[in-house]
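S.K.: This structure is in C-alpha cells; I'll ask about it shortly.
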C-alpha cells in the first residue's frame, strides 16, 4: 500500500486494499455489500458523524461507484460536505457531486446555494472549486443560476488570473448548454480583448470560449480576427525562451497557437484588411518554414507539438483555399510525412491530404503522391491508416486516374479488412459511375465488385447498376453478355443472380442470337441458381421468367413448368406463390400483344443523385468524404501557374460527364416512372425536383429510339404518361396513343394537336381522332391515329399535347414514331441477287447515299443487330464476307409505288467509326433512310 | 472539445473516467467497454488515433496504463497526445514517479489534478508550474486544517 499524501484517509486505503485482494468477483461484491451496509448504518445511525468521517464514507461510495456499482444514497451527506469550512471536506463533496450528478431538484437547489457561497468567497481556491463544479455539471439549472455572475467574474479587473481561466471555460460550458446566457453589447468587445491579456493561460482559456461564441455569431465577434492574428504572429516569431513555462518541449505555446489557428478557421481570409491578411500569411509561412528546420529535441513530444501546430496551420490554409503557393507547399510537406517512420504522422498526412485534394489549387499536387498512397493502402500495418489511404484515393480520384485507382481499389478489396469493405465497395461504385466514359467499364467494375465482395455490395449498389443499364441503350447488350458469362461461374454470389436475373429479363434477347446464350440456355442457367437463393431473389427470378415468355415465346412451356412446380405454385412464401400463379395465368390467358404490353421493357429512370452517394454520406455523418474539387473562394485572381488552368479545364469536362451520369436516352430529363425498381427504392430518393406546376412549361420530345421500335412509353413526367402502340401494313399505319393522368386531379382542356403541314400531308396523310377535353385523375384514354404513306417524305409529324394542370398550362411536343422506315417490308434474298441489285443501283450516283460517322455509343454488335431488326428491313446474314457488317434489304410501300432499298453498315471497331451505305431506286429515300439510321449508332 | 477521458489498465480495468458530456450511466459503461476492448486489441506500433462513431479517439500507453481521450472532428490529435503527456507529467511530479497504484489509492487527487489541467473539455492551464502551484495551494489549505478524525481512524472505518 503506497503512502497516502495530505490528510489521507486510512480507512479508505484499507478498503481499497481489501477490494484489490479479493480473489474473485463474488468476493469483491461481498466485500462491497458489507461496506455499503456499514456506510448506510453509519449515515442512518443516531450518532452524528463528524466531517472527516462523512468525507471518508462519501469517498468510499465514490470509489464503489467508480468500480461500476450503483450508488443510491449518500447524496445528502455529500451536499452537507459542500458547506463544510474545511477545504478537504468541501473538495470531496464537490467531487462526489460532479461525478454522480443527480437531477434531484431538491438537492440541486442546495448545491446551487453552496456554490453561490463559494463563488462569493475571497479565497480564489474556493471560487475555482465552485467554478469547476458548475463546469462539470453544466446543467440548465446551473446556466440559469450563474449566467449572470460568471461573465462579470470573467471580465472584472480585480479577478485573479487563475479564476479568469476557470470562469472562461465555465462560461463556455454553460453556453454550450444554453446559448442565450452570453450577454451581448459591450461584453462582446471585452471578451474579445481577452485575446490581448498578459497571462497566456487566460488567453488560452478565453480563445476556446471565443471560438464557440464566434460559431454562433461570427459577425458580432469579427473583431477577434485581427487580435488573433497579432497574437499568433507574436507566438510564431517568439524564441522558445520567450514564453517560459508556456513553451512546451521547445515549441512556443502550442496549445494557444492551435486554438488561434482554429479560431481563424471560422472566417474567410481577412480580405478587407490586407495588412492582417499579409501578417497571417507570414505566420503560416513561418510555420511551414519551421517544419523544415532540424528538430530541437529528439523527444516525440517536441515533434508532436510542432506538428500539431503545423497540421492546424495546414487546416487553415485549406480552409482559406486562396493561396496557391501555401497550398502547394502544404501538400509537399504532407508528401514528406507520407513516408515518415511515425505511423501517427502518416495517418494525419493522409487525412489532411484528403482535404487538399478537394482544392483546385492543390488537387494536381496531391495526385503526384498517388503511388505512395496506393502503397499505403496495401502495405500499412494498421487498418486505420489503410482506411485513410482509401479515403485519400477516393478524394484524389478524377477523370485522369479513375481507371487506375478503381483497379487498385478492386485489387485491394480481395484482401481488405472486413471492417472497411462495405465502405470501399460504395466508394468504388461511386467512382466507377462518376468517371465512366465507357459504360462497359462501369458494368465490368460493378460485376467485379459483386464477384470479389458480394456480401458487402449493398442493395443500393446493384439497384444502381440496373438503373444505369436501363437508361443507356448502348451498354445493354454488353451488360447482358457480361452477366451471362458471370453467371456461368460455378459459385456465384446471390447479388450476381439478382443483377443477372434482372438484366437478362430485360435484355436477354440482345444475346439470344448466339447459340451459346440461346433463350433456353439463359433460362436454364438462371434457374440452376434458383434453389440456392433467398425468397426475395426467387421472386425477382420469377419476374425474369415471365419476361422471358414475352421475349422468347419458344421457351414458354419450359417456363410454365417452373411456375407450375409445387415449390412455387404452393410455396409457403405468399409472395412466391402469388407470383407463380399470377404469372402462370398471365402466360396462359394473355395474347402475345397483351404480354408485350404488360411486359414491356422498363422505361428509363429519372436522373438524380446517385443513391449510393447518399448511403456513403449516411455512413460517415461526421465527415462526408468528398470527391469534388471545390471552386476556389479566393477574391484574388489566380496566380499564373500552368496547372491551374488545366484543372479548370478538366473541371468543366467533369461537370459535363456528371450531367450524363444517368441520361434517360430517349426521354427528357424530367421524366419519371413508376417502375418496379423505383417502387422498391421510392423512399430513398428525394422527390424529383421539377418545376412543373409552377409555371407554364413546354417541352419538346424527340424519342429517337422509336425509329427502331414500335411500342413503348413515348414520354413521361410526374403529371402524365404517354405510351404508344403501332402497327404497319403495306403503306398504312395505325397508332394508338395512350394518355395516362398520373395526378390526383383531372387535367383540363386536354387537346392533342397535330403539327404536319399540308404540303407534308400530301406525302404522308395523318388522321387523328379527337379525345375528350378532360382527363380524369388516374385515368387513361386512348387516341387512334391513322397514317398513309403516299410518297416519300422526310422527318415525322409532331403532336402538341396541351392541357391545364392546377391552372397552369402545360405543353408537350412529341415526335410521333411515323418515320419513313415504318413502311418497310422486309425482303429476303440470297447473296447472288443482292449483289446483282446492289451493283445495279450503284450505277446511278444519285441513287445512293453514304455516311461515314463516329460511333456515339460503344460499338456493341448485339445491340446493333437488335436495332437493325427493329428498323424494319430484312437483316441478311451470311452475305457480306465480313461477319461484322450488316446487310439489309426492304421495300418501302407507298400509295402508288414501291421503292426497293438495300443497305450496308460497316462498323470499324478500331477507329470507332461506321460507314453506312444505302442504295435505292429513289435518291431522297436513300438520303432519308441513311439519316434516320445513322442517328441510331 | 474533449468528450471524455478514460484511464484503464492492461487487464482492462477502468482506473479513472472523466466525462465532459452528460451520458446516462448505462451508455458510459457501454462506451467504456467497447473502447477498452478495441484499444487493447491494437498492436503496439499502430497509430494512436482511430475513428470511432463520429469522434476521434486518441490513446497512448504509459507503462501498465492506457490513457484514452475522445475528441471531436475539429480537434487536434497530436496535441491531444500532448494533453495526455502533460497529465502524466503532472501526476508523475505530484506523486513522484507515478504508478498505477498511486492512481488507484489516490483517485481523488488524480481528479483534482485533471480539473486544474482541463475544464469543460478544454485545456485550462498548460503550464506545468502553474498547475502544480494550484495543487500545492490546495494541499496547503488541507494541512492547515487539523485532521480531526485522524485519531479516530485506525484503518477499520
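S.K.: For residue A:25, work out the one condition from (1) more than 20 Å from residue B:16 (Cβ to Cβ); (2) crowded, with 19+ Cβ neighbours inside 10 Å; (3) more than 8 Å from chain B (Cβ to nearest Cβ) it doesn't fulfil.
M.R.: Among (1) more than 20 Å from residue B:16 (Cβ to Cβ); (2) crowded, with 19+ Cβ neighbours inside 10 Å; (3) more than 8 Å from chain B (Cβ to nearest Cβ), the lone unmet condition for residue A:25 is (2).
S.K.: Tell me, which helices (runs of 4 or more DSSP H) wholly within segment B:16-128 include 1 or more residues that are within 11 Å of chain A (Cβ to nearest Cβ) and over 30 Å from residue A:56 (Cα atoms)? First the steps, then the outcome.
M.R.: Numbers: elements: B:25-40, B:77-95, B:100-105, B:107-117.
The helices (runs of 4 or more DSSP H) meeting that bar are B:25-40, B:77-95.
S.K.: Select, from B:71, B:123, B:103, the only residue that is surrounded by fewer than 22 Cβ atoms within 10 Å (Cβ to Cβ) and at pLDDT 90 or above. Outline the logic, then answer.
M.R.: Details: B:71 fails: surrounded by fewer than 22 Cβ atoms within 10 Å (Cβ to Cβ); B:123 fails: surrounded by fewer than 22 Cβ atoms within 10 Å (Cβ to Cβ).
The match here is B:103.
S.K.: Quick test of your reading of the structure: residue A:254 fulfils all but one of (1) more than 13 Å from chain B (Cβ to nearest Cβ); (2) modelled with pLDDT of 95 or more. Name the failing condition by number.
M.R.: That leaves (1) as the condition not met.
S.K.: So, restricting to helices (runs of 4 or more DSSP H) that lie completely within segment A:564-668, which ones have at least 1 residues that are at pLDDT 70 or above and within 30 Å of residue A:817 (Cα to Cα)? Even if it seems obvious, please write down each step before you answer.
M.R.: Details: elements: A:566-569, A:574-589, A:592-598, A:611-619, A:642-659.
So the answer is A:574-589, A:592-598.
S.K.: Still on this structure, I have one more. Tally time: how many residues in segment B:29-45 are under 17 Å from residue A:65 (Cα atoms) and in contact (Cβ under 8 Å) with a residue 24 or more places away in the chain?
M.R.: Going through segment B:29-45, the residues under 17 Å from residue A:65 (Cα atoms) turn out to be B:29-33.
Cutting the leftovers down to in contact (Cβ under 8 Å) with a residue 24 or more places away in the chain gives us B:31-32.
The qualifying residues number 2.
S.K.: Would you pick out the residues in segment A:169-180 that are out of contact with any strand residue (DSSP E or B) (no Cβ under 9 Å at 6 or more places or on another chain) and within 14 Å of chain B (Cβ to nearest Cβ)?
M.R.: Of segment A:169-180, the ones out of contact with any strand residue (DSSP E or B) (no Cβ under 9 Å at 6 or more places or on another chain) are A:171, A:174-180.
Within segment A:169-180, A:171, A:174, A:175, A:176, A:177, A:178 meet the criteria.
S.K.: How about segment A:249-279: which of its residues are assigned to a helix (DSSP H, G or I) and crowded, with 24+ Cβ neighbours inside 10 Å? Working first, answer last.
M.R.: In the first step, residues of segment A:249-279 are kept if they are assigned to a helix (DSSP H, G or I); the result is A:254-264, A:274-279.
Passing the criteria: A:254, A:255, A:256, A:257, A:258, A:259, A:260, A:261, A:263, A:264.
S.K.: Within segment B:6-15, take every residue that is part of a loop (DSSP other than H, G, I, E, B) and either more than 10 Å from chain A (Cβ to nearest Cβ) or in contact with a helix residue (DSSP H, G or I) (Cβ under 8 Å, 6 or more places away or on another chain) (or both) and give me the one that is surrounded by the fewest Cβ atoms within 10 Å (Cβ to Cβ).
M.R.: The residue in question is B:11.
S.K.: Any idea which of A:144, A:186 is out of contact with any helix residue (DSSP H, G or I) (no Cβ under 7 Å at 6 or more places or on another chain) and within 23 Å of residue B:20 (Cβ to Cβ)?
M.R.: On the way: A:186 fails: within 23 Å of residue B:20 (Cβ to Cβ).
Criteria check complete, one pass: A:144.
S.K.: Which of the residues that make up segment A:803-850 are under 30 Å from residue A:781 (Cα atoms), touching a strand residue (DSSP E or B) at 6+ places or on another chain (Cβ under 8 Å) and surrounded by fewer than 18 Cβ atoms within 10 Å (Cβ to Cβ)? Give the steps one after another, and end with the answer.
M.R.: Step one: of segment A:803-850, the residues under 30 Å from residue A:781 (Cα atoms) are A:803-824.
Now restrict to residues that are touching a strand residue (DSSP E or B) at 6+ places or on another chain (Cβ under 8 Å): A:803-805, A:808-818, A:820-824.
A:804, A:808, A:809, A:811, A:813, listed by residue number.
S.K.: Could we say that residue A:358 is more than 14 Å from every other protein chain (Cβ to nearest Cβ), in contact with a helix residue (DSSP H, G or I) (Cβ under 7 Å, 6 or more places away or on another chain) and modelled with pLDDT of 95 or more here? Let's see the steps before the verdict.
M.R.: Values: more than 14 Å from every other protein chain (Cβ to nearest Cβ): yes; in contact with a helix residue (DSSP H, G or I) (Cβ under 7 Å, 6 or more places away or on another chain): yes; modelled with pLDDT of 95 or more: no.
So residue A:358 fails the test.
S.K.: When residues of segment A:904-922 are filtered for being over 16 Å from residue A:838 (Cβ atoms) and surrounded by fewer than 16 Cβ atoms within 10 Å (Cβ to Cβ), how many remain?
M.R.: Looking only at that region, the number is 6.
The values are calculated or read from the model by the stated rules, or taken from the named source; none is laboratory data. Keep in mind it's a predicted model, so treat the numbers as computed, not measured. Ideal geometry is used to build each Cβ from the backbone, glycine not excepted, and the neighbour counts take in all protein chains shown.
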